[in-house]
1. Run down Phe17, Phe26 and say which single residue is in contact (Cβ under 8 Å) with a residue 40 or more places away in the chain and surrounded by fewer than 20 Cβ atoms within 10 Å (Cβ to Cβ).
2. With respect to Gln32, determine if the residue is surrounded by fewer than 18 Cβ atoms within 10 Å (Cβ to Cβ), among the polar types (S, T, N, Q) and closer than 30 Å to Asp171 by Cβ.
3. Answer yes or no as to whether Ser110 is within 26 Å of Val133 (Cβ to Cβ), within 19 Å of the chain's Cα centre (by Cα), among the hydroxyl-bearing types (Ser, Thr, Tyr) and in a helix (DSSP H, G or I).
Amino acid sequence: MKLSIVTFNYDRSLEYFLYNAFMKSFRLDSGQAIKLTKCIPVIHVYSELGLPRFLSKEGRDYAITVTTEDIRKCIEGIKIMPEAEETHSGFNQVHQILSEAKKLIIIGFSFHSLSVQRLKLAELYKGKVIGTVMGMELGEISRVQKTLHQFSITDTELYQLDALNFLRKTDYFLASSLLAYTAPRTRFQSVNGCSPRPYSPLQYKLNS
């Protein structure tokens, strides 16, 4: 299995979660956990609030207190949606990932038309788009589907589940307990011959 994670968020919560989870779950020291965390690419489309300290000497600690230097690093690191061009390095990395992806799962994403356009899904990814629409009403879900269709993305499977329940009630991440915020790429084989469990479309699955 090869997993890549793409996020539109600025924060580094996921990286710190992985780092600490690896240490505590597998009883690793800091160096071993860092090495394992680096095996999972996490691409911040609009950059981030400074690299985590454990990944870079020039990075920032994950703490509730901030200094003037911390703020400077944050300002230098982030871009807002109108400022970022499609040639921005973050998008270049994302486009490369999508062009190689075997499976695309989108969790906790608003499906804003500009974001969908910049991802170039229809151009780069040819498989089914699997996503979550937790908290959306039928009208909002309909707009999501229209946005996807607008960019020629017609093979979709949407679930009315939050991130945690999506992981619990589907087996797309059966080989991994990683929480992917948005647009991850994963290649995997079935585990112990396990096949997808049957789901009721009336419960939480929406077919396009």
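The values are calculated or read from the model by the stated rules, or taken from the named source; none is laboratory data. Nothing here was measured: the structure is a model prediction, and the numbers come from that model. Backbone-built Cβ (ideal geometry, glycine too); neighbour counts: all protein chains shown.
1. Phe17
2. yes
3. no
Listed here are the residues, each with its yes/no results for (1) at pLDDT below 80; (2) outside any loop (DSSP other than H, G, I, E, B); (3) β-branched (Val, Ile, Thr); (4) surrounded by 17 or more Cβ atoms within 10 Å (Cβ to Cβ).
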| position | (1), (2), (3), (4) |
| --- | --- |
| Ile40 | no, no, yes, yes |
| Leu49 | no, no, no, yes |
| Ile75 | no, yes, yes, no |
| Pro82 | yes, no, no, no |
